[in-house]
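Peer 1: Take a look at the following structure, please.
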Amino acid sequence: MVTAGWTTRLDRIRDACRNGTGWLLTRVNDNGSLGPVPDRLFYYRVPWALALVGELPAAAACLDWVGRNMISTEGEFEGVSPRGLFDERYGSYPLSCLLFGAQLVGRTDLSRRGIPRLLEWQDSRTGGFFAKWDDRSLRCEQELFPACQAAMTLLAIGRVEEAVRAGEWIVRLWDQQPQLQDRLFHVSRGDGQLVTEFPAGQDEMYVTEKSRPWQHHFNGGISAAALVQLFQVTGETRWLEMARTCQAFSMTTDECQFESMQTCKSGWGSGLLWVTTRDPVYRDWTLRMGEWFCEHQLADGHWENTRHWTPDPTEADNIEITAEFVMHMANLLCSLGVEETGEADT
């Protein structure tokens, strides 16, 4: 039963999502580009976010501009905006996000151009995704969250076999964890070995500590989201069982995680688990995450990243995180719209 208090809380989340959308729309330039284009590649998720909230003309305009100016003949995200960090780490991630948005808008032309390249990012030996295009050796690094996003994008476009291979890589990484009650090592190498030793001062790039705030606290949530979707497509319960493990890591992380904007994907995993299992613990966590988004939204509707990571945010930084948070809020609103029906289905 949906109570008046529940409705009020959902309305607050819905208003925040609407305000964030309005802020994003004012950053769409007349030619379909986003904000300060020459700055760097920061707008890869905007079409996805706008499509989810029903702003299809703006999403299509953005995709038109990207198709003309940022997708190479090889199907890669290259052009007038420098790739920046994505040449050093997380290389496939912006393309995965763009292709998801293109699929929602029905831009099969962009999918046809980009999917072959996305599949080239996938390691045929492990199922993971290379961090850098120019390092695909047995010693190359392969990161958790780009593999999760790629798995979801591949499912969305019907490439189930490749998505399953990515899911197998995700499960292996979680199975290898030596101290999961305290930390998650989220990088492995091309030889399948978990990276547990790394250069001094780079801990946050390799391990998520449950007791520290400035961590990649999104890893549990995005892993759960990818694995739930694999369950939904294949019907194999092993994916759902591991999704619960991944979400439990996120939901048992210390309260310090809420000091960091990097906890954002936790509601994505819990929302999908609520829809799939009807376990109220996931519904309640998803609602909590929705209210967390509201608490951190600025008055004009945008969000800003954790100061530890982005001490002086630019317009580009704010477009990047606001697009992501609008996407997350739209997803969790869909999940929270599912009323409790009693016992869990699975």
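The values are calculated or read from the model by the stated rules, or taken from the named source; none is laboratory data. Small disclaimer: the values here were computed from a predicted structure and weren't measured. Because the Cβ atoms are built from the backbone with ideal geometry, glycine has one as well, and the counts that use them run over all protein chains shown. Areas reflect the complete protein model, heavy atoms only, side chains present, ligands, DNA and RNA absent. Shrake-Rupley method; radii C 1.70, N 1.55, O 1.52, S 1.80 Å.
Peer 1: If I filter the range 131-153 for residues that are among the polar types (S, T, N, Q), within 14 Å of the chain's Cα centre (by Cα) and not in a strand (DSSP E or B), do I get at least one hit?
Peer 2: Within the range 131-153, one or more residues are among the polar types (S, T, N, Q), within 14 Å of the chain's Cα centre (by Cα) and not in a strand (DSSP E or B).
Peer 1: Here is a further query. List the pairs whose first member sits in the range 34-48 and is touching a residue at least 24 places away in the same chain (Cβ under 8 Å) and in a helix (DSSP H, G or I), whose second member is open to solvent by 20 Å² or more (accessible area, probe 1.4 Å) and of a type in the set (Lys, Arg), and whose Cβ atoms are under 7 Å apart, counting only residues at least 6 apart or on separate chains?
Peer 2: Close Cβ pairs (under 7 Å, with a partner that is open to solvent by 20 Å² or more (accessible area, probe 1.4 Å) and of a type in the set (Lys, Arg)) do not exist here.
Peer 1: Related question: From 250, 270, grab the single residue that is free of Cβ contacts under 8 Å to residues at least 40 places away in the same chain, over 17 Å from residue 7 (Cα atoms) and buried (at least 20 other Cβ atoms within 10 Å of the Cβ).
Peer 2: That would be 250, the only listed residue that is free of Cβ contacts under 8 Å to residues at least 40 places away in the same chain, over 17 Å from residue 7 (Cα atoms) and buried (at least 20 other Cβ atoms within 10 Å of the Cβ).
Peer 1: Hey, could you check the range 28-40 for residues that are of a type in the set (D, E, K, R) and open to solvent by 60 Å² or more (accessible area, probe 1.4 Å) and say which is farthest from residue 79 (Cα to Cα)?
Peer 2: Result: 30.
Peer 1: Confirm whether residue 113 is assigned to a helix (DSSP H, G or I), open to solvent by 30 Å² or more (accessible area, probe 1.4 Å) and under 30 Å from residue 306 (Cβ atoms).
Peer 2: Answer is no for this residue.
Peer 1: Moving to a separate point now. Please work out if residue 91 is farther than 30 Å from residue 211 by Cα and either modelled with pLDDT of 95 or more or crowded, with 19+ Cβ neighbours inside 10 Å (or both). Explain how you work it out, then say what you get.
Peer 2: Details: farther than 30 Å from residue 211 by Cα: no; either modelled with pLDDT of 95 or more or crowded, with 19+ Cβ neighbours inside 10 Å (or both): yes.
No: the conditions fail for residue 91.
Peer 1: Take the range 67-85 and flag every residue that is out of contact with any Phe, Trp or Tyr (no Cβ under 8 Å at 6 or more places or on another chain), open to solvent by less than 40 Å² (accessible area, probe 1.4 Å) and either touching a residue at least 24 places away in the same chain (Cβ under 8 Å) or within 20 Å of residue 30 (Cα to Cα) (or both).
Peer 2: Keep residues of the range 67-85 that are out of contact with any Phe, Trp or Tyr (no Cβ under 8 Å at 6 or more places or on another chain), which gives 67-69, 72-76, 78-80, 82, 84-85.
This time we only want the ones that are open to solvent by less than 40 Å² (accessible area, probe 1.4 Å), so: 67, 72, 75-76.
Across the range 67-85, the qualifying residues are 67, 75, 76.
Peer 1: Would you check which residues across the range 281-327 are over 13 Å from residue 267 (Cα atoms), of a type in the set (S, T, N, Q), assigned to a helix (DSSP H, G or I) and touching a helix residue (DSSP H, G or I) at 6+ places or on another chain (Cβ under 7 Å) and list them?
Peer 2: Within the range 281-327, 322 is the sole residue that qualifies.
Peer 1: Considering each residue of the range 12-59, count those that are modelled with pLDDT under 95 and more than 25 Å from residue 114 (Cα to Cα), and give that number.
Peer 2: Residues flagged as modelled with pLDDT under 95 and more than 25 Å from residue 114 (Cα to Cα) within the range 12-59 amount to 0.
Peer 1: For residues in the range 280-315 being over 21 Å from the mean Cα position of the chain (by Cα) and over 24 Å from residue 27 (Cα atoms), which is least open to solvent (accessible area, probe 1.4 Å)?
Peer 2: The extreme case among them is 280.
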